[in-house]
Structures are given as structure tokens and as C-alpha cells.
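This report refers to the structure that appears directly beneath it.
The numbers here are math on the coordinates, done by the rules we state, and not lab data. Small disclaimer: the values here were computed from a predicted structure and weren't measured. Cβ: placed from backbone, ideal geometry, glycine included. Neighbour counts: every protein chain shown.
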Amino acid sequence: MRIVIVGAGVVGASAAFHLSRAGADVTIVDAQRDGRATAAGAGVLCPWLSSSDDEAFYRLYAAGAAYYPNLAGLLAEAGETDLGYRRCGALLVSADAEELDWSERLALRRQTHAPAMGAVRRLSPPETRALFPPLRGDLGGIFIEGGARVDGRRLAAALLRAARRHGAAVVQEHATVRATGGRVTGVEAGGARYAADAVLVCAGAWAMNLLRPLQAHRVVQPQRGQIVHMRLEGADTGAWPIILPPGAHYLVPFEDGRVVAGATRETGSGFDYRVTAGGQAEVLAEALKIAPGLGAATLVETRVGFRPIGPGVRPWLGWVPEVDGLAIGNGLGAAGLTIGPLAGRLLADLVTGQGSLLDLAPFDPGRGQGAQAEGAAALRQAQAGGQDSTTRAGRVCCFLHHTEQLVGIRDHQTRPGDHSEGHTESSPPASG
Ligand SMILES: Cc1cc2nc3c(=O)[nH]c(=O)nc-3n(C[C@H](O)[C@H](O)[C@H](O)COP(=O)(O)OP(=O)(O)OC[C@H]3O[C@@H](n4cnc5c(N)ncnc54)[C@H](O)[C@@H]3O)c2cc1C
């Protein structure tokens, strides 16, 4: 079976890896757009404190985090271990004891159905600061053991290398999808034609340009995120936890003193690929407010990415009913580094006719008007609010799930273990 994938962000790269591993004939085409989200994403993997009240979304989100150890195992088998993935824990911080009480209750409720979340511990201000020394001294914490981080650039590169090793071809060109008589025939890129039995459009915030000419229009908007990387000279940050303060910002430590402070959520930004004075100021002010010890850090760079925001919180994962042989993986918004690897796996299983790890019906690209209207309302709300309406632990709805068990039963048999990011950018919906 010949499959062409357009877009080598986390979704497309994961689909390419899983499909080529399953023996499919895969070509992946990517235009290396400025602002591709995967290259800018913070890498927080901690869905369990999400404030989304969409049950199907939360199930997918939690399953996405739970899939990481499994994916890391598959990549290790393929010789790829440099993902920037680490189960470093996530630390929700606040000076408000009531907010911490509330978050702790939520975390404990969700923990019952989320083995990947690991232990949940309430920490005093000194204990909190001991885990992340630049923090203010008055902040208490809730530590979520299963919180993790990943480096989107390294992960996508590892997935592509592994896909190549399984025989996939990688083409660096701008792609156009071709269809005749209501069926895809392939992709044109750089003057060449790549015939295909199925085409996966995983083109992030740019997907509309590909879908509209096929009469398969879906609304996907770019939401700009500016995110600041700094270095704390001499600090051994590799094992520090992710910091989730009240609000939509966060801190993500990586190795070698690197601390990433995120991020703006600029709905309506268009594809304006710039670092702005206001964006930089916002991110730094929020970071220093909770972690004044970062004031001495060296500014390394500011990355800019466009989150693909669909009309609602639920992504599209599946066949597009208007065109035979066309599937999409899109609309992952602020949760794409968490969900993306699993989304690619689900798409791969769909295309090869394998049984699915999760029920994809809630994410069907052909789903009905009700869901679209609900989604449009969520988008309007996001646009009105500007920033993330989801995040924080503090304002959450509670629905509980067994997603991780679902993923675990089918797939984890060879590798038990846990995994991943949290909250944050993560928080969905509107968000992100
Ligand atoms: C600042 C920021 C912080 C974030 N932090 C987190 C986080 O902490 N946790 C989390 O879970 N998520 C996070 N996200 C969200 C996450 O990064 C995205 O949801 C995810 O990366 C989207 O992946 P994608 O593959 O759909 O899109 P992308 O990564 O944007 O990839 C789309 C690809 O398609 C290619 N393309 C587009 N059109 C064409 C064409 N015509 N021909 C060929 N190629 C084409 C582009 O070049 C691009 O490489 C963050 C996002 C941002 C911007």
C-alpha cells in the first residue's frame, strides 16, 4: 500500500514511523514552514489537571501521555533514544492554600483512573523550592510524579530517522494533494508526482490550504505562541520538574541549564512569524513572577510556533468523507505534543486496517453539525478570552477515565511503565 503523508510535525512523523514499521510504502513530504508547532512546543506532558470538560478529549489526552513510554520503547528498538523525553514530574505551585487544596483533590480523584499519573504529593514551600531552586519562597506545591517533558524537535527527528530506517522516503518540498472523481490519486511536490492509495494530511495550521481545493474544507486557525529559552549557567536542571503556576504559563527545564518559559497564546495572529516586544515581555514577566531566581539566566532564544486550532477542542483524526483515500490528523491545538505520537499511531492503524487503541468516532472528520456548532462556540469563547480557557488546575471539571488502561491493555504488555506531560500548554481547548 502506497501512502503519502503531508507534514512532518509530530503527527505526521509519528504516522510515518508507525506505518513504515508496519511495512507500508511511505513517502513523507514537508515544506519546513517557519513556525511549525512541533519545533516550538514546550513539551509539557501532564494532561491530568486539564480543565477541559469534554470527556472524549480528556480520554485522548490522557491516552496520549500514557502512550509515551510505549513509543520510547518502540523507538529504542529502532535505535533512537535521543527524544528529550523524561519523566521528571510536574509541580503545580501556588501561594494560595485553598487553590492547592482544590488541585490536590482533583489530582487524587483523577489518579484513581490514571496509573500513568504516578504518586501525588503535597509539598511545603521549602520542599517545593528544593525541587526547583529559582522559585519564590512562599509557594507550596502538588507534585505529580508521572509528569514528563519532551523535546518536540528531537522527537520528530527521531521518528523520521526511524521511519527512514524502515524504508520511508522523506521529501523536503511544498505539497499539493491531487484527487480525481472523488478519490485521492497522490501528491505533487517539487515538480514530482507521488502516486498514493491513501494520503494523510498532517499539515498543522496550514491544512486549510490543502483541503479547500479538494472540497473538503475544515477550519483550522494558527494561534501564535512565543516561548523563551534561557540558560541558568552551572545549574544541573536535567531532573528538575515542570512548573505549573496558576494561569496559562509554565516553566519546562531541560538538560544543561536550559529552562523554557512559555508561552503566549495569540488567537487571531495569522501566520505572523515574529517575536514581539509584548510577547517577550509577557512571557518573561510571568516566569520571573514565580521564579525570580531565573533573573540571572542567559536569554538563549525565543521560538515562535503556530498551534493548529480547530473549531472545537476535539481534534480530527480519520478519513475525510468527501474524498476517498484522504485522512487527516489535525486540530491538536495546545495539546499536540502530548497527543501527537498517539494520534500518528491511531492514523497508521486506521490506514492499515488494524484495530484501534481508542474509539475514533468522537474525532471523526465527518462528525455532525452538533459537534461543529459546539466547537464554533468554543472557538468564539477562546477568541473573546484571548488566552487559554483551559489550563489550570484550579478551574476544572471532573470526569474520570480509564483511557490509560485501554492503551495499556493493548499495547503495554511488553513495557509497563509510565509517562508524561502535564497540564499546560496542555490544556486544551481553546487553548493552548
Ligand atoms: C509555543 C508552543 C508551546 C507548546 N507547548 C506544548 C506543550 O507543552 N505540550 C503539548 O502537548 N503541546 C504543546 N504545543 C502544541 C504542539 O506543539 C502542537 O499541537 C503540535 O506540535 C502540532 O503538531 P502538527 O504535526 O499537527 O503540526 P506542525 O508541527 O505545525 O507540523 C505541520 C507540518 O506540516 C508542514 N506543511 C504544512 N503545509 C505543507 C504543505 N503544503 N506541503 C508540505 N508540508 C507542509 C509544515 O512544514 C510542518 O512541518 C505547543 C505549541 C506551541 C506553539
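Could you line up Cys202, Cys46, Cys88 from fewest to most neighbouring Cβ atoms inside 10 Å?
Cys88, Cys202, Cys46
Placing +1 on the Cβ of each Lys and Arg and -1 on the Cβ of each Asp and Glu in the stretch 2-426, which of Ala56, Thr128, Trp102 has its Cα farthest towards the positive end of the resulting dipole? Most positive-ward Cα: Ala56.
Only beta bridges with both residues in the stretch 127-220 are counted; by DSSP, about 100 percent of them are antiparallel.
When the Cα convex hull of the stretch 146-266 is projected onto planes of every orientation, the mean area is 11.2 nm². Between the beta carbons of Ala239 and Leu108, assuming R0 = 35 Å, the FRET efficiency works out to 0.90 to the nearest 0.05.
From least to most packed, judged by other beta carbons within 10 angstrom and beginning with the fewest, Ile242, Ile5, Ile290 follow the order Ile290, Ile242, Ile5.
How much net charge surrounds Leu159 when only other residues with a Cβ under 15 Å from its Cβ are counted (Lys, Arg +1; Asp, Glu -1)?
Details: positive: Arg21, Arg36, Arg153, Arg154, Arg161, Arg164, Arg165, Arg345; negative: Asp30, Glu77, Glu80, Asp82, Asp151.
Taking every other residue near Leu159 into account, the sum is +3.
Measuring nothing but how far apart in sequence close Cα pairs (under 8 Å, 6+ apart) lie, relative to its length, the stretch 2-426 scores a relative contact order of 29 percent. For the stretch 2-426, the residue among Val304, Gly355, Val323 whose Cα projects farthest onto the positive side of the dipole built from Cβ charges is Val323. With all pairs of different C-alpha atoms in the average, the Kirkwood value for the hydrodynamic radius of the stretch 238-374 is 17.8 Å. Distance between the C-alpha centres of the stretch 181-212 and the stretch 80-121: 40 Å, rounded to the whole angstrom.
Sequence-distant contacts, meaning Cα pairs under 8 Å at least 6 residues apart, place the relative contact order of the stretch 220-322 at 40 percent. Panel order for Trp206, Trp48, Trp319, by other beta carbons found within 10 Å of each beta carbon, from fewest to most: Trp319, Trp206, Trp48.
Net charge dipole, the stretch 2-426: roughly 520 debye, given to the nearest 20, about the Cα centre with Cβ charges of +1 for Lys and Arg and -1 for Asp and Glu.
When peptides 162-174, 59-71, 7-19 are ranked by their average number of other Cβ atoms within 10 Å per residue, the highest-first order is 7-19, 59-71, 162-174.
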